[in-house]
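These notes are about the structure you will find just below.
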Amino acid sequence: RENVLALKAVMPDGRLISTAKRVKKTSAGYDLTRLLVGSEGTLGIITELTLKLYGIPQAISGGICAFPDLESACNAVIETIQMGIPVARIELVNSLQMQAMINYSKLDYPVAPYLFVEFHGSDAGVAEQAELFGEIAAANGGGPFKWTANLEEREKLWSARHNSYFACMTLAPGKQSLSTDVCVPISRLAECIVATEKDIAASGLIAPIVGHAGDGNFHVLILFDDKNPEEIQNVEAFVERLNLRAIAMDGTCTGEHGIGQGKIKFLRLELGGAVDVMETIKRAIDPGNIMNPGKILRL
């Protein structure tokens with residue numbers, strides 16, 4: 001959402017509106033840009049977006065670092081953020097996710113929880129940032145931190161990360177997948193992920209974890225037999241516990257995926273009376289309930 005400066009949308013009554021001009025910031029009225037972007041198509045149809053562009057940095061370095069356990073990796077993320085190191089990307093994968101990526105993308109690394117990191121800036125800047133991160137990783141039992149500014153080597157690493165879904169599907173051929181996500185304050189990330197991994201083990205599920213750790217956001221891809229009612233019930237119970245766990249930590253039931261239909265009840269648990277305001281907005285803008293009816297809100 002933060003990269004959308006303005007948009008045009010067709011509203012339920014057929015009007016075409018523009019929410020903002022081509023400026024970096026505005027205080028002109030209600031923030032309809034964010035409202036429509038976050039509405040999952042329940043308030044209007046977006047027809048045009050004005051996006052913020054970023055310059056290509058002088059230098060980019062990236063690397064990968066193993067950790068003895070998930071908690072150590074999460075603590076390294078927390079300390080990196082708290083120290084203000086300008087990390088451009090910091091991604092977490094647990095051991096099962098890494099096993100899948102090693103097999104699928106032919107990576108030459110031992111199985112363990114890993115952090116994938118990337119730094120942007122000047123040649124001297126990215127080297128300094130990588131060095132500082134390496135010290136934090138070592139203090140948390142991780143390492144060695146292997147980083148490079150070589151484009152081909154970086155692309156191989158990030159290609160493996162981007163293909164993580166396809167890698168996961170090789171863990172249980174023939175099974176279906178359910179992808180879900182939550183987000184918690186960065187200070188609770190280690191606690192939430194560790195508890196979630198224990199929950200997965202206790203439930204007997206095959207469910208790798210990957211996270212946009214710098215945001216406190218992580219995803220779980222659950223593999224299951226959609227013809228087996230017991231497995232479906234097990235998956236639904238796990239997802240409910242995951243959502244409630246995140247909300248109890250002052251987090252959200254979804255950082256990126258959205259509410260859709262499957263997380264409607266968790267939205268009210270998370271935001272309470274704010275959902276009543278959302279329903280008022282929905283009824284005022286779309287009284288006929290023609291825009292994605294049944295998503296986000298039950299009207």
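Can you name the number of the only condition in (1) under 18 Å from CYS168 (Cβ atoms); (2) in contact with a Gly (Cβ under 9 Å, 6 or more places away or on another chain); (3) buried (at least 18 other Cβ atoms within 10 Å of the Cβ) that ASP225 fails?
All conditions pass for ASP225, except number (3).
From LEU107, LEU43, LEU96, LEU92, which residue is closer than 30 Å to LEU205 by Cβ and either part of a loop (DSSP other than H, G, I, E, B) or polar (S, T, N, Q) (or both)? Explain how you work it out, then say what you get.
Details: LEU43 fails: closer than 30 Å to LEU205 by Cβ; LEU96 fails: either part of a loop (DSSP other than H, G, I, E, B) or polar (S, T, N, Q) (or both); LEU92 fails: either part of a loop (DSSP other than H, G, I, E, B) or polar (S, T, N, Q) (or both).
Just a single option satisfies the conditions, and that option is LEU107.
Quick one: count up the residues across segment 92-115 that are closer than 15 Å to GLU155 by Cα, touching a residue at least 40 places away in the same chain (Cβ under 8 Å) and either among the basic types (Lys, Arg) or crowded, with 22+ Cβ neighbours inside 10 Å (or both).
Qualifying residue count, segment 92-115: 1.
Exactly one of (1) out of contact with any Gly (no Cβ under 8 Å at 6 or more places or on another chain); (2) surrounded by 15 or more Cβ atoms within 10 Å (Cβ to Cβ) is unmet by GLY260. Its number?
(2)
Collect the residues in segment 228-249 that are touching an Asp or Glu at 6+ places or on another chain (Cβ under 8 Å), surrounded by fewer than 16 Cβ atoms within 10 Å (Cβ to Cβ) and touching a residue at least 24 places away in the same chain (Cβ under 8 Å), keeping them in residue-number order.
ARG241, the sole residue that qualifies.
Counting residues that are among the basic types (Lys, Arg) and modelled with pLDDT of 95 or more, which helices (runs of 4 or more DSSP H) fully inside segment 137-216 reach at least 1?
Numbers: elements: 151-162, 164-169, 189-203.
Helices (runs of 4 or more DSSP H) meeting the threshold: 189-203.
Taking the condition more than 30 Å from ILE285 (Cα to Cα), crowded, with 18+ Cβ neighbours inside 10 Å and in contact with a helix residue (DSSP H, G or I) (Cβ under 6 Å, 6 or more places away or on another chain), does ALA66 pass?
Values: more than 30 Å from ILE285 (Cα to Cα): yes; crowded, with 18+ Cβ neighbours inside 10 Å: yes; in contact with a helix residue (DSSP H, G or I) (Cβ under 6 Å, 6 or more places away or on another chain): no.
Here the answer is no, as ALA66 does not meet what is asked.
Taking segment 110-134 only, how many residues are over 18 Å from ALA213 (Cβ atoms) and out of contact with any Ser or Thr (no Cβ under 6 Å at 6 or more places or on another chain)?
Within segment 110-134, the first condition is being over 18 Å from ALA213 (Cβ atoms), and the residues that meet it are 110-111, 121-128, 131.
This time we only want the ones that are out of contact with any Ser or Thr (no Cβ under 6 Å at 6 or more places or on another chain), so: 110, 121-125, 127-128, 131.
The number of residues fulfilling the criteria is 9.
List every residue pair whose Cβ atoms sit under 8 Å apart, with the two residues 6 or more apart in sequence or on different chains, where the first one lies in segment 197-208 and is within 19 Å of SER72 (Cα to Cα) and the second, anywhere, is outside any loop (DSSP other than H, G, I, E, B) and small (Gly, Ala, Ser).
As it stands, the answer is PRO208/ALA100; PRO208/SER164, since those pairs meet every condition given.
So, in segment 246-281, of the ones that are of a type in the set (Ser, Thr, Tyr) and within 17 Å of the chain's Cα centre (by Cα), which residue ends up farthest from ILE296 (Cα to Cα)?
First, pick out the residues of segment 246-281 that are of a type in the set (Ser, Thr, Tyr): 252, 254, 280.
Filter once more, so that each one left must be within 17 Å of the chain's Cα centre (by Cα): 252, 254.
Details: THR252: 14, THR254: 12 Å.
Checked segment 246-281; the qualifying residue farthest from ILE296 (Cα to Cα) is THR252.
Among the numbered criteria (1) on the phi < 0 side of the Ramachandran plot; (2) crowded, with 16+ Cβ neighbours inside 10 Å; (3) of a type outside the set (A, V, I, L, M), which one does GLY121 miss?
(1)
Taking the criterion of being within 28 Å of LYS24 (Cβ to Cβ) and not in a helix (DSSP H, G or I), would at least one residue in segment 122-133 satisfy it?
For segment 122-133, residues within 28 Å of LYS24 (Cβ to Cβ) and not in a helix (DSSP H, G or I): present.
Read through the list (1) touching a residue at least 12 places away in the same chain (Cβ under 8 Å); (2) of a type in the set (D, E, K, R); (3) outside any strand (DSSP E or B), then give the number of the only condition that LYS8 fails.
Of (1) touching a residue at least 12 places away in the same chain (Cβ under 8 Å); (2) of a type in the set (D, E, K, R); (3) outside any strand (DSSP E or B), only one is false for LYS8: (3).
For segment 173-193, name all the residues that are surrounded by fewer than 17 Cβ atoms within 10 Å (Cβ to Cβ) and not hydroxyl-bearing (Ser, Thr, Tyr).
Across segment 173-193, the qualifying residues are PRO173, GLY174, LYS175, GLN176, PRO185, GLU191.
Given the condition under 26 Å from the mean Cα position of the chain (by Cα), part of a loop (DSSP other than H, G, I, E, B), among the charged types (D, E, K, R) and modelled with pLDDT of 95 or more, answer yes or no: does some residue in segment 14-28 qualify?
Taking segment 14-28 and keeping what is under 26 Å from the mean Cα position of the chain (by Cα), we get 24-25.
Next, from what is left, pick out any that are part of a loop (DSSP other than H, G, I, E, B): 24-25.
Adding the requirement that they be among the charged types (D, E, K, R) leaves 24-25.
If we keep only those that are modelled with pLDDT of 95 or more too, we end up with none.
No: segment 14-28 contains no residue that is under 26 Å from the mean Cα position of the chain (by Cα), part of a loop (DSSP other than H, G, I, E, B), among the charged types (D, E, K, R) and modelled with pLDDT of 95 or more.
In this structure, is GLU79 within 20 Å of VAL210 (Cα to Cα) and either buried (at least 19 other Cβ atoms within 10 Å of the Cβ) or not assigned by TED's automatic domain parsing to the domain that holds ALA9 (or both)?
Numbers: within 20 Å of VAL210 (Cα to Cα): yes; either buried (at least 19 other Cβ atoms within 10 Å of the Cβ) or not assigned by TED's automatic domain parsing to the domain that holds ALA9 (or both): yes.
Yes, satisfied.
Quick check on segment 154-170: of everything there that is in contact with a strand residue (DSSP E or B) (Cβ under 8 Å, 6 or more places away or on another chain) and among the charged types (D, E, K, R), which residue is farthest from PRO208 (Cα to Cα)?
If we filter segment 154-170 for residues that are in contact with a strand residue (DSSP E or B) (Cβ under 8 Å, 6 or more places away or on another chain), which is where we start, we get 154, 157-158, 161, 164-165, 168-169.
In the following step, the residues that additionally are among the charged types (D, E, K, R) were identified as 154, 161.
On the way: ARG154: 23, ARG161: 13 Å.
Among residues in segment 154-170 that are in contact with a strand residue (DSSP E or B) (Cβ under 8 Å, 6 or more places away or on another chain) and among the charged types (D, E, K, R), the one farthest from PRO208 (Cα to Cα) is ARG154.
The values are calculated or read from the model by the stated rules, or taken from the named source; none is laboratory data. All values derive from a computational prediction rather than experimental measurement. Ideal geometry is used to build each Cβ from the backbone, glycine not excepted, and the neighbour counts take in all protein chains shown.
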